[in-house]
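For reference, the structure discussed in these notes is given below.
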Amino acid sequence: MSTQITGRPAARAPRERAPRRGFGKWFATTGWRHLIGVALCIYAAFPLLYVLSASLNPNGTLLSSNGFFTTVGFNSYVELFQNEQRPFAAWFVNTLFIGLTTAAASVFLGALAAYSFSRMRFTGRRVGLVSLLIVQIFPQLLAVVAIFILLTSLGDVFPVLGIDSQIALIMVYLGGALGVNTYLMYGFFNTVPVEIDEAAKIDGAGHARIFFTMILRLVAPILAVVGLLSFISSTSDFVIASVILVSPENQTLAVGLYSYVSEEFTSNWSVFAAGAVLAAIPVMALFLFLQKYIVGGLTAGAGK
């Protein structure tokens, strides 16, 4: 018997399709999760769309913007930059300067203190950690009167640290956030193996070289988180900034925009909403920039 050999591969048997699940079974297993996700997205997007719609409404009220984007105009955005008594551009620059400076200084000082508490052993170390934790129980808002009196007295000697000084406001923010940032970073620094420091010391590296060239790369996620939180808290603060910053040209966005809605008969919510939309852009941009460090900072730092 002869067998005919051909170059064609043997035909594969058709795959059997898995039986389709019914809607009820799909909804019971995974469908309800999609429903909750859609509901949460709508819940989160509604305030954003409402403020954006109000900023494009030339009528100047929030009640008339219940119908989303029924009236669209950019008059409110133009008015923001044309009002000489309310310098929005100066507020924007002041907010960026205060926010970025506070974030950078908070990360640097907090990282130095956290490294010291995590890697060094000295007298009063545990007492210092407990003191930092206890001090953070009392919010900075309780010290507004004391801060005002202190800056008034300092302004007589050092005008740069007195009332209506942006440097003084940055110092106040640093003093209030240093404790919680240090304690937060301290827990993350403890996750970095001490053997890395010991190996570097054998090669002759000191604490400064270990800190700047090795440890900072390994703790990149917590640095990004602390920087983002410091920037958000300093740019959105109203109470302390309104007490310290008096002149309109020195104020931040949170303080300056309040003047659009603080007066009883001349409130302009449309301009206020337009300013709020523009004020959210730096925060969103910084978050998008730091997102890759938050997600992949630990892996990238360990690989280097």
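At an R0 of 51 angstrom, the distance between the Cβ atoms of I196 and T30 translates into a FRET efficiency of 0.75.
How big is region 202-278 by the Kirkwood estimate over distinct Cα pairs, in Å?
Working: mean 1/r = 0.0628 Å⁻¹.
Result for region 202-278, one decimal place: 15.9 Å.
Starting from the Cα of I134, move 7 Å in the Cα-to-Cβ direction to define the label point; list residues of region 177-216 whose amide nitrogen is under 16 Å from there. Residues 179-180 fall inside that zone. In the full protein context, the chain carries 63 Å² of accessible surface per residue, based on a 1.4 Å probe and ignoring ligands, DNA and RNA. Note on the chain: with a GNM built from Cα contacts shorter than 10 Å, the maximum mean-square fluctuation among P193, P221, P248 falls on P193.
Accessible surface of the chain, 1.4 Å probe: 68 percent of it comes from carbon and sulfur atoms. With each label modelled as a point 7 angstrom along the Cα→C-beta vector, the L40-L161 pair spans 4.6 nm. The Cβ shell under 15 Å around L133 holds other residues with a net charge of +2, Lys and Arg each +1, Asp and Glu each -1. Within the chain, the whole DSSP H helices whose Cα atoms reach 27 Å or more along their own axis and whose mean Kyte-Doolittle score is at least 1.0 are 32-55, 88-119, 166-189, 269-303.
Given R₀ = 30 Å, what would the calculated FRET efficiency be for N59 paired with S236, taking r from the Cβ atoms and rounding to 0.05?
On the way: r = 27 Å, r/R0 = 0.90.
With a Förster radius of 30 Å, E is 0.65.
To the nearest 0.05, what FRET efficiency results for L229 and D203 with a Förster distance of 35 Å applied to their C-beta separation? The pair L229/D203 has a calculated efficiency of 0.50. For the options I240, I215, I42, a Gaussian network treatment of the chain with springs between C-alpha atoms closer than 10 Å singles out I42 as fluctuating the most.
Need the full-extension length gain, R217 to N83, defined as separation in residues times 0.36 nm minus the C-alpha distance. One decimal, nm. Spell out each step's value before the answer.
On the way: separation 134, 0.36 × 134 = 48.24 nm, distance 4.56 nm.
Using 0.36 nm per residue and subtracting the Cα-Cα distance, I get 43.7 nm.
In deg cm²/dmol and to the nearest 500, what is the mean residue ellipticity at 222 nm of the chain if only DSSP H runs of at least 4 residues count, each as -39500 (n - 2.57), divided by the residue total?
Details: 13 runs with 196 residues, N = 304.
Theoretical 222 nm ellipticity from helices: -21000 deg cm²/dmol.
Only the Cβ atoms of Lys and Arg (+1) and of Asp and Glu (-1) were treated as charged; on that basis the dipole of the chain about its Cα centre amounts to roughly 2200 debye.
Split the chain at each of the GluC sites (Glu not before Pro) in a DSSP loop with at most 12 other beta carbon atoms within 10 Å, and the longest piece is 85-262.
How big, in percent, is the set of alpha carbon pairs in the chain lying more than 34 Å apart? For the chain, the fraction of Cα-Cα distances above 34 Å is 46 percent.
The values are calculated or read from the model by the stated rules, or taken from the named source; none is laboratory data. Just so you know, these numbers come straight off a predicted model, no measurement behind them. Here the Cβ is made from the backbone with ideal geometry for all residues, glycine too, and neighbour counts use every protein chain on show. Surface areas here come from the heavy atoms of the whole protein model, side chains and all, with no ligands, DNA or RNA. Shrake-Rupley method; radii C 1.70, N 1.55, O 1.52, S 1.80 Å.
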